[in-house]
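Inspection log for the structure reproduced underneath, given as structure tokens.
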Amino acid sequence: MAKLDDPGLFGRQWAAAYDSPGNPDPAPAVDFLAGLAGAGPVLELAIGSGRVALPLAARGIPVEGIEASPEMVELLRGKPGGDSVPVTVADMADVPVNGTYPLVYLVFNTLFNLTVTGRQEDCLHNVARVLAPGGRFVVEAFVPDEAKFDQEEREVQVRSVTEDAVTVRMHRYDRAAQTFVRQTITFTDGGVRLQPFGMRYQWPEQIDAMAAAAGLELEARYATWQRDEFGPESTDHISVYRKPS
Ligand SMILES: C[S@@+](CC[C@H](N)C(=O)[O-])C[C@H]1O[C@@H](n2cnc3c(N)ncnc32)[C@H](O)[C@@H]1O
């Protein structure tokens, strides 16, 4: 398996710093998802450290998760309420659970973490399998922007400079494959550390086509969790797919 295709890579590289400030406020996502959850249970793919799942569960909605990284699950377990969320440690593309859910969700661009050809399609088919009739699959993802990719390929992003270390970030895109590699590189007296990360990005219409092939219909698309209208200038989308009743 190529390094970037390993579902456990993200957690090994990023769990230690994942919950430091900088990740989005989950509150608008939690409001949105709670409105679709009914009595639950709901399923979060790539539940991570519970950024969204824990505040959703705190509203009394039963939440379950799938997560590839034991390191990320350990973070979740260390938080209030984190012990009572059932998590299956597995590759989310397989959705290896037996329940039936009114809502499954996959946020923070994480569909694109499935870098192996065909695995995003597998994921959508398996989501459709576990959705109740009339159930929803909510996806949050960025809208690919090739001008931004060009800029990112030209620049070295300086992440931090201290007396002990310098951290920079660089990107390389493969436009035909719709993948990228990002390296976060830390220089210290002791040496150099590489933290590779990769994604297979999709335009919203391509996600719609994968969903349709899995039997899911696009019900709504918004630019934000606050339901702002999606349009040509939108940088992100929240897409709601529905399994026909
Ligand atoms: C950006 S984090 C998002 C975590 C959480 N959903 C949130 O919004 O904070 C991406 C998560 O996806 C997990 N992940 C990546 N590939 C995965 C896979 N194939 N199956 C399950 N989890 C995966 C990572 O371990 C990490 O926890």
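So for region 166-185 (the condition being assigned to a loop (DSSP other than H, G, I, E, B) and in contact with a helix residue (DSSP H, G or I) (Cβ under 9 Å, 6 or more places away or on another chain)), does at least one residue qualify? Reasoning before the result, please.
Keep residues of region 166-185 that are assigned to a loop (DSSP other than H, G, I, E, B), which gives 175-178.
If we keep only those that are in contact with a helix residue (DSSP H, G or I) (Cβ under 9 Å, 6 or more places away or on another chain) as well, we get 175, 178.
Yes - at least one qualifying residue is present in region 166-185.
So how many residues does region 22-32 have that are assigned to a helix (DSSP H, G or I) and either without any contact (Cβ under 8 Å) to a residue 12 or more places away in the chain or within 15 Å of D228 (Cβ to Cβ) (or both)? Steps first, please.
Taking region 22-32 first, the residues assigned to a helix (DSSP H, G or I) are 27-32.
Among the residues that remain, those that are also either without any contact (Cβ under 8 Å) to a residue 12 or more places away in the chain or within 15 Å of D228 (Cβ to Cβ) (or both) are: 28-29, 31-32.
The total comes to 4.
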Exercise. List every residue pair whose Cβ atoms lie under 7 Å apart, where the two residues are 6 or more positions apart in sequence or sit on different chains, the first residue falls within region 99-126 and is in contact (Cβ under 8 Å) with a residue 60 or more places away in the chain and part of a helix (DSSP H, G or I), and the second residue, located anywhere, is of a type in the set (F, W, Y) and more than 10 Å from the ligand (Cβ to nearest atom).
Key: F112/Y201
Exercise. Could you tell me which of the residues S239, S245 is closer than 30 Å to V42 by Cα and at pLDDT below 95?
Key: S245
Quiz item: What residue, of G11, G40, is closer than 18 Å to N113 by Cα and in the same structural domain as P55 (by TED's automatic domain parsing)?
Solution: G11
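Scan region 68-80 and tell me whether some residue there is part of a loop (DSSP other than H, G, I, E, B) and either within 11 Å of the ligand (Cβ to nearest atom) or under 29 Å from V116 (Cβ atoms) (or both).
So the first thing to find is which residues in region 68-80 are part of a loop (DSSP other than H, G, I, E, B), and the list is 68-69, 78-80.
After this cut, where a residue has to be either within 11 Å of the ligand (Cβ to nearest atom) or under 29 Å from V116 (Cβ atoms) (or both) as well, the list is 68-69.
Within region 68-80 (the criterion being part of a loop (DSSP other than H, G, I, E, B) and either within 11 Å of the ligand (Cβ to nearest atom) or under 29 Å from V116 (Cβ atoms) (or both)), the answer is yes, since at least one residue qualifies.
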Exercise. Could you grab me the full set of residues in region 1-32 that are of a type in the set (S, T, N, Q) and within 12 Å of the ligand (Cβ to nearest atom)?
Key: Q13, N23
Practice problem: Give the residues of region 33-67 that are in contact (Cβ under 8 Å) with a residue 60 or more places away in the chain, buried (at least 23 other Cβ atoms within 10 Å of the Cβ) and more than 8 Å from the ligand (Cβ to nearest atom), sorted by residue number. | Solution: L33, V42, L43
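The values are calculated or read from the model by the stated rules, or taken from the named source; none is laboratory data. Because the structure is a prediction, the values reported are computed rather than measured. Cβ coordinates were reconstructed from backbone atoms using ideal geometry, including for glycine residues, and neighbour counts include every protein chain displayed.
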